[in-house]
Amino acid sequence: MSQFDLQGIGMTSQRTRDRLVARLREQGIEDEVVLQLMGSVPRHIFIDEAWSHRAYEDSSLPIGHGQTISQPFIVALMSQLLNVQPRERVLEVGTGSGYQTAILASLCQRLFSIERIEALVPRAQERLGAMKLRNIRVRHGDGYAGWPENGPFDGILVTAAPPEIPEALIEQLAVGGRLVVPVGTDQAQLLKVIDRTDDGLNETVLEAVHFVPLVNGTAKQ
């Protein structure tokens, strides 16, 4: 039996999740599939118990090892940007707690997720397993390198900010595919969307964001 409370009994109510969805609507999230997922995926199981009382606030929270779980608005926004058309194969760079992973799993047929910090991998796998999500593969690895043996990908979502977009991720983006990535340093980051067409790459710059940095290499923390 899982240690995680998937029904949210004693931790959150459907009313609390409904309020979160209402806030996301007010902030401009329009994709009904994404909104439904944001209202149903139990965010509290993806954070430590000490922070569970803040699980449905629209704020990022620490998950250990210098990493954070993104605020719900950013998770919803990036998911909405990726979900503009059906995606068969999606790559997530930065599994973290597994929360964004759980949202993405319902937006594609097959999801591949890479996490640089080894200690976070089994915890994310346990949480995702508790939700009975079977279309996900998670591994410890260097997100800068992507996952070339399983590419090309119809969608790539990066949950940490590189100073420049890794070339390997561009190379693994299929024609018709979309890359959603925050780019910049700790001082200034912008959320970007890269679309690959038959004619090349189209870049759209959206809004200022703040993510932990995407670090090159792996760690066993």
(message) Give me the residue from the range 201-219 that is touching a helix residue (DSSP H, G or I) at 6+ places or on another chain (Cβ under 9 Å) and hydrophobic (A, V, I, L, M, F, W, C) and, out of that set, nearest to LEU61 (Cα to Cα).
(response) PHE211
(message) Considering only residues that are exposed (fewer than 15 other Cβ atoms within 10 Å of the Cβ) and over 15 Å from GLN80 (Cβ atoms), which ones fall in the range 188-209?
(response) ALA188, LEU190, THR197, ASP198, ASP199, GLY200, LEU201, ASN202, GLU203, VAL205, ALA208
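Okay, residues lined up against (1) over 15 Å from PHE153 (Cβ atoms); (2) touching a residue at least 40 places away in the same chain (Cβ under 8 Å):
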site: GLU49; (1), (2): yes, no
site: GLY66; (1), (2): yes, yes
site: SER70; (1), (2): yes, yes
site: ILE74; (1), (2): yes, yes
site: LEU82; (1), (2): no, yes
(request) Would you be able to tell me the number of residues in the range 84-115 that are polar (S, T, N, Q) and modelled with pLDDT under 95? (result) 2
(request) Starting from residues that are buried (at least 17 other Cβ atoms within 10 Å of the Cβ) and either within 14 Å of the chain's Cα centre (by Cα) or of a type in the set (Lys, Arg) (or both), keep the ones in the range 126-145 and report whichever is farthest from PRO62 (Cα to Cα). (result) ILE136
(message) Can you tell me how many residues within the range 55-71 are buried (at least 17 other Cβ atoms within 10 Å of the Cβ), within 20 Å of GLN125 (Cα to Cα) and modelled with pLDDT of 90 or more?
(response) 6
(request) Of all residues in the range 42-54, count the ones that are crowded, with 22+ Cβ neighbours inside 10 Å and out of contact with any Gly (no Cβ under 8 Å at 6 or more places or on another chain). (result) 2
(message) Under 7 Å between Cβ atoms, which residue pairs at least 6 apart in sequence (or on different chains) link something in the range 141-155 that is part of a helix (DSSP H, G or I) with a partner that is aromatic (Phe, Trp, Tyr)?
(response) ASN150/PHE112
(request) May I ask you to verify whether SER79 is more than 13 Å from ARG23 (Cα to Cα), at pLDDT 95 or above and either of a type in the set (Ser, Thr, Tyr) or within 15 Å of the chain's Cα centre (by Cα) (or both)? (result) yes
(request) Return only the number of the condition from (1) within 18 Å of SER59 (Cα to Cα); (2) surrounded by fewer than 16 Cβ atoms within 10 Å (Cβ to Cβ); (3) touching a Pro at 6+ places or on another chain (Cβ under 7 Å) that THR185 does not satisfy. (result) (1)
(message) For the range 171-208, give me the residue count where each residue is polar (S, T, N, Q) and either free of Cβ contacts under 8 Å to residues at least 24 places away in the same chain or closer than 15 Å to LEU77 by Cα (or both).
(response) 4
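The values are calculated or read from the model by the stated rules, or taken from the named source; none is laboratory data. Everything numeric here is computed off the predicted structure, so don't read it as measured data. In this analysis, Cβ positions are derived from the backbone assuming ideal geometry, glycine residues included, and neighbour counts consider all displayed protein chains.
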